[in-house]
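Enquirer: Once you've had a glance at the structure underneath, I'll fire off some questions.
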Amino acid sequence: MSEASSAEENLPSPPLNLMPTYSIALDIGATKILGALIHGNKPIKKIKKLTGASGSKAKVLKNIKTVIDSLWLSNVKKIGVGIAAQVNPQNNLILTATNFADFNNFKLAEILKKQYHVPVTVDNDVKCFAQGELLFGWGRHYKNFLCLTFGTGIGGAIIIDKKLYRGQNNLAGEFGHMQIAGAWVGPAPTCGCGRKFCFESLAAGAAWHKLAKKYNEKTADKIVIANIAAGLANLVAIFNPEAIVLGGGLLEHKKLLEKLRQEFNTRVFHTTLKQTKLVKTQLGENAILLGTLN
């Protein structure tokens, strides 16, 4: 045995405070839970599970814990949660969640902290999306931008001077519930909030599927793209951002972003507003995950 190998064997183990540490991040949506084990700022393992949002609160909580348990390591030091709900980030309380049964004033963070004995933070999912893009995505190029995610509904967030703008009650960026005079065929659908002509009821994934089922995909594309462009043109007139970062499943539709840019340019009221870039998320599904921990 060489002196070098003998010396290596006799090296002391690294102190515990230098051992690698991990975090667990959760993206809890109405349809699925995406969980990731994070080392540094990189997801190294991911798990997806159906949320079961139409079931009881106990069922959803069980599914959340199943995802955490599947990712758990003894040196996990934090759990971050982004959820499709209204949240008070100061006390991590879920205030309202229209997609989940009995989640109003729900102390999810407290429950998870008691079971896993690590700090737990909870925030709105799209605000986490914006934080992720700010730190690791488009925020490296822009300091003033909006984020919108198009899934079943529409979520939004606002970045001003490289800071997340939350508003008085953490409700800034609820773009999905601004009302627009959008295009539709037949009676306008009712939004989950109970009103008609909400942006998300006319321009999100659920709207597209209703139109495609009743008519065809071409008609759905035409109407939904027109409605998205109308909403974006309104937001650009209000905020005059450098860019709008778009995410969500609806953006996976073929050539939707290209068509959306064309339609957007016909709707902005001032030529200089066409300088606003419409860009797709750089981080994809990792945006929310990374944003929960920063």
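The values are calculated or read from the model by the stated rules, or taken from the named source; none is laboratory data. Everything quoted here is computed from the prediction, not taken from an experiment. Every residue, glycine as well, gets a Cβ built from its backbone with ideal geometry; the counts of neighbours run over all protein chains shown.
Enquirer: Give the number of residues within the range 159-196 that are part of a loop (DSSP other than H, G, I, E, B) and among the polar types (S, T, N, Q).
Expert: Initial filter on the range 159-196 (part of a loop (DSSP other than H, G, I, E, B)): 161-162, 166-174, 178, 180-189, 191-195.
Retained after the next criterion (residues that are among the polar types (S, T, N, Q)): 168-170.
The total comes to 3.
Enquirer: A further question follows. Provide a single number: the residues in the range 109-151 that are acidic (Asp, Glu) and farther than 22 Å from ASN92 by Cα. Steps first, answer last, please.
Expert: The first filter runs over the range 109-151 and keeps only residues acidic (Asp, Glu), leaving 110, 123, 125, 133.
Applying the additional criterion that residues be farther than 22 Å from ASN92 by Cα yields none.
Number of matching residues: 0.
So that you can scan it fast, the table gives a plain yes or no per residue for (1) in contact with a strand residue (DSSP E or B) (Cβ under 7 Å, 6 or more places away or on another chain); (2) of a type in the set (A, V, I, L, M):
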| site | (1), (2) |
| --- | --- |
| ALA233 | no, yes |
| ILE244 | yes, yes |
| THR272 | no, no |
| THR292 | yes, no |
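Enquirer: Of all residues in the range 164-187 being free of Cβ contacts under 8 Å to residues at least 60 places away in the same chain and hydrophobic (A, V, I, L, M, F, W, C), which is surrounded by the most Cβ atoms within 10 Å (Cβ to Cβ)?
Expert: My answer is LEU164.
Enquirer: Separate question: Counting just the residues of the range 118-148 that are acidic (Asp, Glu) and assigned to a helix (DSSP H, G or I), which one comes out surrounded by the most Cβ atoms within 10 Å (Cβ to Cβ)? Break it down stepwise before answering.
Expert: First pass over the range 118-148, keeping only residues acidic (Asp, Glu): 123, 125, 133.
The next check asks that each one be assigned to a helix (DSSP H, G or I); those that pass are 125, 133.
On the way: ASP125: 25, GLU133: 29.
By that ranking, first place goes to GLU133.
Enquirer: List, please: which pairs have Cβ atoms under 8 Å, are six or more places apart or on different chains, and start with a residue in the range 265-294 that is more than 12 Å from LEU246 (Cβ to Cβ) and in the same structural domain as LEU232 (by TED's automatic domain parsing) and end with one that is in a loop (DSSP other than H, G, I, E, B) and of a type in the set (Ser, Thr, Tyr)?
Expert: Partner pairs satisfying both residue conditions: VAL268/THR276.
Enquirer: Go through the range 188-219 and count every residue that is free of Cβ contacts under 8 Å to residues at least 60 places away in the same chain, farther than 18 Å from ALA230 by Cβ and either touching a helix residue (DSSP H, G or I) at 6+ places or on another chain (Cβ under 6 Å) or of a type in the set (Val, Ile, Thr) (or both).
Expert: Adding up the residues that qualify gives 2.
Enquirer: Still on this structure: In the set LEU232, LEU251, LEU246, which member is within 18 Å of LYS280 (Cα to Cα), surrounded by 15 or more Cβ atoms within 10 Å (Cβ to Cβ) and at pLDDT below 95? First the steps, then the outcome.
Expert: On the way: LEU232 fails: at pLDDT below 95; LEU246 fails: at pLDDT below 95.
After ruling out the rest, the residue left standing is LEU251.
Enquirer: Please name all residue pairs, on different chains or six or more residues apart, with Cβ atoms under 6 Å, provided the first residue is in the range 106-120 and is free of Cβ contacts under 8 Å to residues at least 40 places away in the same chain and in the same structural domain as LEU93 (by TED's automatic domain parsing) and the second residue is exposed (fewer than 14 other Cβ atoms within 10 Å of the Cβ) and part of a helix (DSSP H, G or I).
Expert: none
Enquirer: Residues of the range 236-252 being of a type in the set (Asp, Glu) and under 17 Å from ALA206 (Cα atoms), which ones?
Expert: Within the range 236-252, the first condition is being of a type in the set (Asp, Glu), and the residues that meet it are 242, 252.
Across the range 236-252, the qualifying residue is only GLU252.
Enquirer: Let me ask something additional. Against the conditions (1) under 19 Å from LEU251 (Cβ atoms); (2) of a type in the set (D, E, K, R); (3) touching a Lys or Arg at 6+ places or on another chain (Cβ under 9 Å), where does LYS162 fall short? Just the number, please.
Expert: Unmet for LYS162, out of (1) under 19 Å from LEU251 (Cβ atoms); (2) of a type in the set (D, E, K, R); (3) touching a Lys or Arg at 6+ places or on another chain (Cβ under 9 Å): (1).
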